[in-house]
1. Within the stretch 622-643, which residues are under 21 Å from F612 (Cβ atoms) and open to solvent by 60 Å² or more (accessible area, probe 1.4 Å)?
2. If you scan the stretch 596-611, which residues turn out to be buried (at least 20 other Cβ atoms within 10 Å of the Cβ) and over 17 Å from I581 (Cα atoms)?
3. Quick check: is even one residue across the stretch 510-517 in a loop (DSSP other than H, G, I, E, B), within 20 Å of T482 (Cα to Cα) and open to solvent by less than 10 Å² (accessible area, probe 1.4 Å)?
4. If you go through the stretch 447-471 one residue at a time, how many are acidic (D, E), closer than 29 Å to L792 by Cα and either without any contact (Cβ under 8 Å) to a residue 24 or more places away in the chain or away from the ligand (no atom under 11 Å from the Cβ) (or both)?
5. Out of the residues in the stretch 544-562 meeting the condition of being touching a residue at least 24 places away in the same chain (Cβ under 8 Å) and touching a helix residue (DSSP H, G or I) at 6+ places or on another chain (Cβ under 8 Å), tell me which one is farthest from S518 (Cα to Cα).
6. Mind checking which residues of the stretch 377-402 are in a loop (DSSP other than H, G, I, E, B), in contact with a strand residue (DSSP E or B) (Cβ under 8 Å, 6 or more places away or on another chain) and away from the ligand (no atom under 16 Å from the Cβ)?
7. Checking the conditions here, which among P353, P384 is open to solvent by 40 Å² or more (accessible area, probe 1.4 Å) and touching a Ser or Thr at 6+ places or on another chain (Cβ under 7 Å)?
Amino acid sequence: MKKTHLIAKYQPSSNSPHPQHVQVNAPLLGFGDFGRLCLRMEAQDLEAAEQFYHIHGVYYPAWSVAVPAAVPPAYAVGGQLASFSPDPDPEATTNKAAAPDSSGSDKKDQPQHDTTSKKDVRLPRTVLPIHYDVRLFPVLEKGNFSILGQVSIDLQCQMETDCIVLHSADIVVDPQSVKVIEQGKPAGKTLTVASDGIHYETDMEFLIIRLKDKDKLTKGANYTLSMNFVGNLTDQLRGLYRSTYKEDGVEKSMAVSQMEPTDARRAFPCFDEPNMKATFTVTLGRHRDMTALSNMPLIKTTQMEGMEEFYWDHFAPSVPMSTYLVAFIVANFTQVEADVGNATWKFNIYARPSARNQTQYASEIGPKIQTFFEDYFQIPFPLPKQDMIAIPDFASGAMENWGLITYRETALLYDEKKSSVTNKERVCEVIAHELAHQWFGNLVTMDWWTDLWLNEGFASYAEYLGAQHVEPGLKWLQQFVTSELQNVMSLDALESSHPISVVVHHPNEIHEIFDRISYGKGATIIRMLAAFLGEKTFRQGLSNYLKSRQYGNAVQDDLWDALTKQAKVDKVPLPTDVKQIMDTWTLKMGFPVVTVTREYENNSVFLSQERFLMQRSNASSQDKTVYLWWVPLTYTTDFQTLGSTWLADGQTSKKHELSIPADKNQWVIFNVDQTGYYRINYDSKNWQMIGQQLMTNHLAISAINRAQIMDDSLNLAEAGLLDYETALNLTRYLEHEADYVPWDAALAGMNYISSMMSRTSGYGLLKKHFRTIIMPLYNLVGFDQKVGEDLLLTKLRTKAVSWACSIGNKDCISRAVNSYAQWMADPENQCWKRSNTAENIDIISPNLKGTVTCTAIAEGDEVEWEFALNRYMASNVASERDVLLTSMSCSEKPWILAKMLEMSLNPTSGIRKQDAGRVISQVSSNSLGRYMTFNFIREKWTDLRKVVPTNFFSYIIKAVAKSFNTELELKEFIQFREDRSEELSGAERATQQAIDRAKNNLNWMRQNYQKVVDWLQRVY
Ligand SMILES: [Zn+2]
């Protein structure tokens, strides 16, 4: 095959008249140290030598195919590897987090991976990397998407060994190129690799290099291990992969990396564990029209030898860092340099050239937030530059690669005319999250993935601080409560939740813990910690922790120690040390409900705690954990003075004398501003007094606590701990509510009732209640957006309009249908702009585009749906595309929903691969599409697995089963799990959570449906 000439130019060996071997010169690889790459090919003539084997759409040179056949039997699974001790060096205590089976509880929730022994997935620490020289050339040529690479790793030997074990996956190493050279010896002594010494342990993603005979690496000595390899530039959104997109109608490809958590090993052989930090010198090959980027700045560019159109970009050596933070990009992107004021670093935004006008917002807030965190942590950003880049195909939201942060387009790009306030918030929040990681995560890194929660929880907490700094109008510290705390409580209230600190081993398990619990609960308990320590102590302790461990690793106890020390310095009264308190929140799953029973005559309360569960299973549990916590309690009677006390771990109840006098006719509210991660229940008299206060003057209670009261009461009722009458009576005050956060909480709670009742006869009455509480808000905020209004008001309108239309308000529906018709008649808004002075607002405000499109499609027919599809495909703005795609699933026509599901799996349908999961979960949230989607995933599971990235499975499964509430649906879902148990690997926990939720729903229908209907009948 001649088209693959880009890899190498072939010449028959000149001194071999009948060549058994053909020498292949690969000058473009420029591997000067090792001479020319000599590929020995078993071939009789040049024609045959040029054959490349075609495997899975990728061309590998012939030798790469031959390698796996040469596996020596001694290295078969369970063979010699078992003799590696995971922690041979007693001083290497940092490895302790990997000790298997130390969790002690909750085994039933641990996914089992039968092919891989858990204790063997960690690398032996016989050698440790010090420095990597990585040279990669991603070949972006259709039909030949591959990676040509060379890596040279400086190692220090920790324990005598004849083997080097490192990570490698989907990579083929040229066996002839593998060299191990001892450093410091004159001329550098080369150790010999055994002739059959290269072995791939594919289950564990290990590459094992065995030395010949008696050659050994000796303790304390340094070596350089080097090799050439070929990788596969797939479209699987992991490792170094390719993303394709259209620019002015022309298809373009780029190479981009996503290493976290365990995919650096797919880009180059490496020691792919977070505590094996090293420095990196990166060199990337690229076409002259492309740009290459890496963590560090470019220092020079050289021409590829013999390749006129190609160059090597050489980057400065990095600081010591973990492999999961390494980043490579080769793309034809545009660069926008941000104004950084007095900062010593540079800050750039990169995007597709046609998205250049959407980079302004990021370039404004990025440097400001980075400066904010320098001040917050009291540590300067250590790199000379920060790049942020928007990637057309990206599996997660964003990735905090040190100095080169990658984002999904919707998380970085913002178009004033096409994107909504929610999009703006998303951009702001994600940028702040990734920038917080530059210190917490990158500078100091978790020792092992078990502490992932600390990394993600902290960034998820700090993002609110960074965002508040640049967008104070959005009241981030209030929004935290509904977006994080209350949101994660709904998941953590299930028996199948998990502790945030999870012992993980296999990559599948590691992937699975990137969930709401790690992020949302992590953030929430860190916020609680900051609240009971006091902001100043928290910040100082944190800064001390980061400074003392910079460029190293840490476990959660290291942070607790630093905070305990600072609390002592600042004389913060604590009942015990930070570790004792926090262990109850990190090692146990769930959270408590604290019941406050007042003794009205003597100004005291009786406090008790128990685990809050949405539903208790009857099955005898293996779980021996004592579910009690160290609970920091605060209370008030007027939001002026604050009282506080603790419930101890092991203490189920206690009597507490209120430190502030509370009249017996005065309410008391606990968990002031909901800084604590627990629910509060009261005696009925106190609930009643709170209700009266809300009806007469709700502003006497803080907005956050109004949100807390809505969320707690509706959830307590759902769990059977409070009567629905009390909870629903409380919601009647919403007629007067005009603040965002209480509405956010109330509607989330009411949405659950609505989703349970939407297919029942009682739904008509429920809609009446919704009309009573929502229409005053709808009338207050109005349908049309006003120029220059408060951002939170805009958000509130989006909610009000969406609910008003969904409960069938005629005014709302006709306005929505009319504006959509106007848009269909004028898709580019051209006539509209000519006849309107407010040129900057389209016919439909981006904030209402979702509701308007959804309503018009639900009320309309095929033509409305197709218009949205066409706009989705034509739009250059990712966030607008998301809104349109989501709204398309509002159709009431089953055949249209079926078509959408099929399109999600069809790569030529125009729906992007990264959007497939969104389409499926959106269709399933339409009550008409719910069962249809379940049938679809059952029938097409095999196809689905090919198209949808692994990390989307959990998402889809949870979305599909979210509203199941009949026996039949539950039974079939359990059957689905049994039928597909093997293929659900990596999503076991999500599947169990989905089953638990369906059981809860079923139970809710049995126990509460009639009660809610009775209340509605009484009131309406
Ligand atoms: Zn993160």
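The values are calculated or read from the model by the stated rules, or taken from the named source; none is laboratory data. The structure presented is a predicted model; accordingly, all values stated were derived computationally and were not measured. Glycine gets a Cβ as well: all are built from the backbone with ideal geometry, and neighbour counts include every protein chain shown. Side chains are part of the model used for accessible areas, which takes the heavy atoms of the whole protein and leaves out ligands, DNA and RNA. Shrake-Rupley method; radii C 1.70, N 1.55, O 1.52, S 1.80 Å.
1. Initially, the stretch 622-643 is screened for residues under 21 Å from F612 (Cβ atoms), giving 622-635.
Matches in the stretch 622-643: Q622, K624, V626.
2. Listed by number, the residues that qualify are V596, R598, V605, L607.
3. No, the stretch 510-517 contains no residue that is in a loop (DSSP other than H, G, I, E, B), within 20 Å of T482 (Cα to Cα) and open to solvent by less than 10 Å² (accessible area, probe 1.4 Å).
4. Taking the stretch 447-471 and keeping what is acidic (D, E), we get 447, 451, 456, 463, 471.
With the extra rule that they be closer than 29 Å to L792 by Cα, the set shrinks to 456, 463, 471.
Those still in the list that are either without any contact (Cβ under 8 Å) to a residue 24 or more places away in the chain or away from the ligand (no atom under 11 Å from the Cβ) (or both) too: 471.
Residues meeting the conditions: 1.
5. So in the stretch 544-562, the residues touching a residue at least 24 places away in the same chain (Cβ under 8 Å) come out as 545-547, 549-556, 559.
Next, only the ones that are touching a helix residue (DSSP H, G or I) at 6+ places or on another chain (Cβ under 8 Å) stay: 545-546, 549, 553-556, 559.
Values: Y545: 21, L546: 21, R549: 22, N553: 19, A554: 17, V555: 15, Q556: 13, L559: 17 Å.
Only one residue fits best here, namely R549.
6. Initial filter on the stretch 377-402 (in a loop (DSSP other than H, G, I, E, B)): 378-384, 392-397, 400-402.
Within this subset, residues satisfying the condition of being in contact with a strand residue (DSSP E or B) (Cβ under 8 Å, 6 or more places away or on another chain) are 384, 392-397, 401-402.
Within the stretch 377-402, P384, P392, D393 meet the criteria.
7. Details: P384 fails: touching a Ser or Thr at 6+ places or on another chain (Cβ under 7 Å).
From the options P353, P384, the qualifying one is P353.
Matching residues to (1) in contact with a Lys or Arg (Cβ under 6 Å, 6 or more places away or on another chain); (2) among the small types (G, A, S); (3) within 21 Å of D263 (Cβ to Cβ):
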| residue | (1), (2), (3) |
| --- | --- |
| S501 | no, yes, no |
| H511 | no, no, yes |
| F514 | no, no, yes |
| Y519 | no, no, yes |
| A523 | no, yes, no |
| S543 | no, yes, no |
| L546 | no, no, no |
| N553 | no, no, yes |
| Q556 | no, no, no |
